[in-house]
Amino acid sequence: MTIRALPLPPTDAQIDTWTAVLTAARAADLPRVPPPARTEVAGRLRVTPARGRAALWAADAGTGIAALILFRDEANAHTAFLDVLAVHPDARRRGLGRALWEQVRTELLAHGRTSVSTLVDLGGPGQAFAESLGFVNVLPMAWYEQDVTRQPPPAAAPVPGYELRAWHGLVPDDWAAPLATAHGAMEDAPTGDIDEKSETWTPDRLHAAHRLILDRGGEITTVAAVTGTGEVAAYTELVLPDPAGPRALQYDTVVAPAHRGRGLGRAVKLHMLELARRRYPDLGRIATTVADENTAMRAVNEGLGYRLDRPAAYYQLSL
């Protein structure tokens with residue numbers, strides 16, 4: 001077998017091959033979960049996060065692929081994220097997965113990385129393969145899904161002292177700083193033993209994160225509960241990696257500590273759901289991940305109609 005590093009950005013033909021491998025692997029391992037659309041795959045391969053450098057590999061004849069993100073920021077120069085390692089079902093049990101991993105491992109060591117993490121769906125071949133390499137579960141979580149086509153839960157009553165605002169695309173400059181401050185409240189969310197360190201949120205970092213979604217061909221909407229003094233007390237983000245597709249991802253939902261216990265998490269999510277139904281009539285499902293330890297957010301999601309889809313976890317390996 002021959003494994004080659006791909007150019008950055010990859011060609012259209014290489015993106016087609018990459019999409020085909022992901023589609024076949026998803027059909028074999030998670031038949032209930034639709035594969036990513038080509039729009040999403042192309043965006044992720046062509047546009048790397050500003051805080052990372054990508055390395056891509058592909059095996060001959062479209063049999064296997066791997067993608068690694070090496071973080072650039074000083075706080076995380078010791079670690080990396082294994083974004084993809086997939087083998088076509090017809091090419092499994094031949095050592096291709098380990099051969100791809102050896103390419104990844106060589107790259108990690110060449111850049112002085114001492115750890116690497118990845119997101120794994122539990123109960124399938126991905127978990128078994130990761131554990132065979134020495135990866136360990138450092139943050140148990142699960143995927144939850146909401147069926148947008150069902151009757152929505154009743155709207156939350158207005159919370160006195162707060163106004164709901166919504167922004168499609170980049171957040172306006174005058175709200176970027178308050179929203180970045182609210183993002184900082186994510187620091188008390190469960191992170192297990194993940195080696196990656198959180199960066200300080202700034203308006204520039206916020207805009208860069210949102211611009212990445214747009215540059216990859218996706219769309220993002222932010223709903224926030226704000227105070228009369230210009231503070232963002234709570235917010236939630238909805239992302240469509242493929243705006244024409246039937247599925248969306250619920251990104252962060254955060255309530256600042258001083259504003260918790262007032263129903264703001266439910267309020268921003270319900271308003272987001274109402275907006276999404278109007279803007280995306282073909283949207284069928286919204287998926288999100290929640291750490292098992294985050295009982296408060298799990299309770300909010302359950303009340304909104306989210307149901308457990310499948311268990312997952314962040315796995316990590318020390319090199």
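The values are calculated or read from the model by the stated rules, or taken from the named source; none is laboratory data. Just so you know, these numbers come straight off a predicted model, no measurement behind them. Here Cβ is always computed from backbone atoms with ideal geometry, including for glycine, and neighbour counts include all displayed protein chains.
Observations
- Residue in the stretch 96-109 that is assigned by TED's automatic domain parsing to the domain that holds Ala58, among the small types (Gly, Ala, Ser) and either modelled with pLDDT of 95 or more or surrounded by 15 or more Cβ atoms within 10 Å (Cβ to Cβ) (or both) present: yes
- Taking the stretch 20-55 as the range and being among the small types (Gly, Ala, Ser), farther than 23 Å from Ala128 by Cα and surrounded by fewer than 16 Cβ atoms within 10 Å (Cβ to Cβ) as the test, only Ala50 passes.
- Any hit, the stretch 175-188, residues being of a type outside the set (Gly, Ala, Ser) and in contact with a Lys or Arg (Cβ under 7 Å, 6 or more places away or on another chain): no
- Residue list for the stretch 156-174, restricted to those being more than 18 Å from Leu275 (Cα to Cα), crowded, with 17+ Cβ neighbours inside 10 Å and under 24 Å from the mean Cα position of the chain (by Cα): none
- Given (1) within 18 Å of the chain's Cα centre (by Cα); (2) surrounded by fewer than 18 Cβ atoms within 10 Å (Cβ to Cβ); (3) not assigned by TED's automatic domain parsing to the domain that holds Pro246, index of the condition Leu139 fails: (2)
- Among residues of the stretch 263-297, those that are free of Cβ contacts under 8 Å to residues at least 40 places away in the same chain and more than 23 Å from His168 (Cβ to Cβ), counted: 2
- Taken together, the residues in the stretch 72-89 that are over 19 Å from Gln14 (Cα atoms) and surrounded by fewer than 21 Cβ atoms within 10 Å (Cβ to Cβ) amount to 8.
- Within the option set Leu164, Leu179, being in a strand (DSSP E or B) and in contact with a strand residue (DSSP E or B) (Cβ under 8 Å, 6 or more places away or on another chain) holds for one residue only, Leu164.
- Residue in the stretch 217-224 that is not in a strand (DSSP E or B) and not assigned by TED's automatic domain parsing to the domain that holds Ile194 present: no
- For the stretch 38-79, filtering for residues that are outside any strand (DSSP E or B), of a type in the set (Gly, Ala, Ser) and either touching a strand residue (DSSP E or B) at 6+ places or on another chain (Cβ under 9 Å) or at positive phi (or both) leaves 3.
- Where strands (runs of 3 or more DSSP E) fall wholly inside the stretch 243-319, no range has 3 or more residues that are surrounded by 19 or more Cβ atoms within 10 Å (Cβ to Cβ), outside the structural domain of Val104 (by TED's automatic domain parsing) and over 20 Å from the mean Cα position of the chain (by Cα).
- Selection over the stretch 71-117 of residues that are in contact with a helix residue (DSSP H, G or I) (Cβ under 7 Å, 6 or more places away or on another chain) and within 28 Å of Arg51 (Cβ to Cβ) gives a count of 7.
- Set Thr253, Thr295, Thr288: member being over 24 Å from Val226 (Cα atoms) and of a type in the set (S, T, N, Q): Thr295
- Residues in the stretch 142-155 that are among the acidic types (Asp, Glu) and either assigned to a loop (DSSP other than H, G, I, E, B) or surrounded by 15 or more Cβ atoms within 10 Å (Cβ to Cβ) (or both): 1 in all.
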